[in-house]
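The values are calculated or read from the model by the stated rules, or taken from the named source; none is laboratory data. These numbers come from a predicted model, not from an experiment. Note that we place each Cβ from the backbone using ideal geometry, even for glycine, and neighbour counts take in every protein chain shown. The protein model used for the area step is the full one, side chains on, heavy atoms only, and it has no ligands, DNA or RNA in it. Shrake-Rupley method; radii C 1.70, N 1.55, O 1.52, S 1.80 Å.
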Amino acid sequence: MPRCWTAALTVTSIVAFAVAAMPAKADPWPQRTVRLIVPFAAGADPGVQAFAEPLAKRWKQPVVIENRPGAEGMIGVSAFTSMKDDHVLLYYSAAAMTTFPLLHARLPYDPARDIVPISSAVDAAISVAVPESLNTSSLDALVALARAQPGKLNYYAFQGGSFAILLPGFAKSVDLDMVQVSYRDGSLGIQDLVAGRIHVMMSSLLTQLPLARAGKIRLLAVTNKNRPAIVPEVPTAIEAGYPQLEFEGLQGFFGPRGMPAERQDHIAADIRAVAADPAVADPLAAGGYSARASTPAEFAASIEAQRAQLASLAKLTGIKPVP
């Protein structure tokens, strides 16, 4: 082989090695305003409110929260999946991937492809409450009362969300004959709980706590694994002896279809950094939320665990997707 060709080959090899050894450029995202689509009503979204400003500071770009409530969360989720914008994220519970497919035969999006888990953000406390007039102070007492009066007691769980499967599943698992009541406007269910027309209700602690503190309803248990710091006197469902009722109010950030893994990791790392800040975590805890950030893989695993749990309860109770 000619010497000049050998030298050229050597130089080429050195250049190729140097290029391969250079670190990859960091993902430049975001390059403009980041929009967070939130299917919760304004005022019912303290989780995303806690993260928005710190993330904006880290990203050096504005972060705008857009509340899109309605149709049990479907309006916000559908809006997000139709935007196909890499600077639009979804902040919501895991219901879009776990509960909606169990309740609706047709969805305007593909839950397996159109919503990409990035990181969990918080666990919202979920509580089971009864009206003060029911004179019941524990899950054991409620179960005993329902068994003594089959078909006489009723319950309400927010339609469309995980509660609509969890509470019927609980009643079925302990062989209770109770009547399920539905409302087009969930606020009417809360009013009827206070009035004693609804006997059992499952919802977010954020919704029930003011009424409990006013002495109008009683909190029997929280479904979370740990007692929220804001209500240390309320037992968990596991402590009360009903592990089948255990469920975390998982909320987090999701990206659009096709989001690169590198970007998922980048955003998730920033979310974890924010969640670790006591200035963020402590106020959340005071409001009944536990900061809980994760990697994309951990978030996806948590979502799958909840999906399997809800699917099992739906099968137990005979709940089927509505066409």
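The single residue among Asp282, Asp265 that is among the acidic types (Asp, Glu) and closer than 25 Å to Ala44 by Cβ turns out to be Asp282.
Going by the conditions given, is Ala297 open to solvent by 20 Å² or more (accessible area, probe 1.4 Å) and in contact with a strand residue (DSSP E or B) (Cβ under 9 Å, 6 or more places away or on another chain)?
It is true that Ala297 is open to solvent by 20 Å² or more (accessible area, probe 1.4 Å) and in contact with a strand residue (DSSP E or B) (Cβ under 9 Å, 6 or more places away or on another chain).
If you go through segment 286-304 and keep only what is assigned to a helix (DSSP H, G or I) and either at pLDDT below 95 or over 16 Å from Ile126 (Cβ atoms) (or both), you end up with Ala286, Pro296, Ala297, Glu298, Phe299, Ala300, Ala301, Ile303, Glu304. Residues in segment 141-166 that are of a type in the set (Gly, Ala, Ser), in contact with an Asp or Glu (Cβ under 9 Å, 6 or more places away or on another chain) and open to solvent by 20 Å² or more (accessible area, probe 1.4 Å): 1 in all. Return yes when Pro260 is free of Cβ contacts under 8 Å to residues at least 24 places away in the same chain and open to solvent by 50 Å² or more (accessible area, probe 1.4 Å) and no when it is not. Here the answer is no, as Pro260 does not meet what is asked. Could you please find all residues in segment 130-170 being over 20 Å from the mean Cα position of the chain (by Cα) and on the phi > 0 side of the Ramachandran plot? Within segment 130-170, Asn135, Gly151 qualify.
Among the residues of segment 52-74, is any among the charged types (D, E, K, R), surrounded by 15 or more Cβ atoms within 10 Å (Cβ to Cβ), at positive phi and modelled with pLDDT under 95? Among the residues of segment 52-74, at least one is among the charged types (D, E, K, R), surrounded by 15 or more Cβ atoms within 10 Å (Cβ to Cβ), at positive phi and modelled with pLDDT under 95, which makes the answer yes.
Of all the criteria given as (1) surrounded by fewer than 11 Cβ atoms within 10 Å (Cβ to Cβ); (2) at pLDDT below 95; (3) under 29 Å from Ala291 (Cα atoms), the one not satisfied by Lys25 is (3). When you check Ala268 against the structure, is it assigned to a helix (DSSP H, G or I) and either touching a Pro at 6+ places or on another chain (Cβ under 6 Å) or of a type in the set (Phe, Trp, Tyr) (or both), yes or no? Yes; evaluated as a whole, the condition is true for this residue. The residues of segment 108-140 that are open to solvent by less than 50 Å² (accessible area, probe 1.4 Å), touching a residue at least 24 places away in the same chain (Cβ under 8 Å) and part of a loop (DSSP other than H, G, I, E, B), listed by number, are Tyr109, Asp114, Ala125, Thr136, Ser138.
In segment 202-228, which residues are more than 19 Å from the chain's Cα centre (by Cα) and open to solvent by 50 Å² or more (accessible area, probe 1.4 Å)? Within segment 202-228, Pro210, Arg213, Ala214, Lys216, Arg218 meet the criteria.
Out of all the residues in segment 183-201, which are assigned to a loop (DSSP other than H, G, I, E, B) and either loosely packed, with under 14 Cβ neighbours inside 10 Å or under 25 Å from the mean Cα position of the chain (by Cα) (or both)?
Within segment 183-201, the first condition is being assigned to a loop (DSSP other than H, G, I, E, B), and the residues that meet it are 183-185, 196-199.
Once the filter is applied, which keeps residues that are assigned to a loop (DSSP other than H, G, I, E, B) and either loosely packed, with under 14 Cβ neighbours inside 10 Å or under 25 Å from the mean Cα position of the chain (by Cα) (or both), segment 183-201 yields Tyr183, Arg184, Asp185.
Is there a residue in segment 246-260 that is assigned to a helix (DSSP H, G or I), within 18 Å of the chain's Cα centre (by Cα) and closer than 24 Å to Thr81 by Cβ?
In the first step, residues of segment 246-260 are kept if they are assigned to a helix (DSSP H, G or I); the result is none.
No.
Return a yes/no flag: does segment 242-250 have any residue that is at pLDDT 95 or above and either farther than 26 Å from Leu167 by Cβ or in contact with a Cys (Cβ under 7 Å, 6 or more places away or on another chain) (or both). No, because not a single residue in segment 242-250 is at pLDDT 95 or above and either farther than 26 Å from Leu167 by Cβ or in contact with a Cys (Cβ under 7 Å, 6 or more places away or on another chain) (or both).
Step by step: first the residues of segment 208-243, then only those that are in contact (Cβ under 8 Å) with a residue 60 or more places away in the chain and in a helix (DSSP H, G or I), then the one that is nearest to Gly186 (Cα to Cα). Which residue is that? Among those residues, the one meeting the criterion is Gln208.
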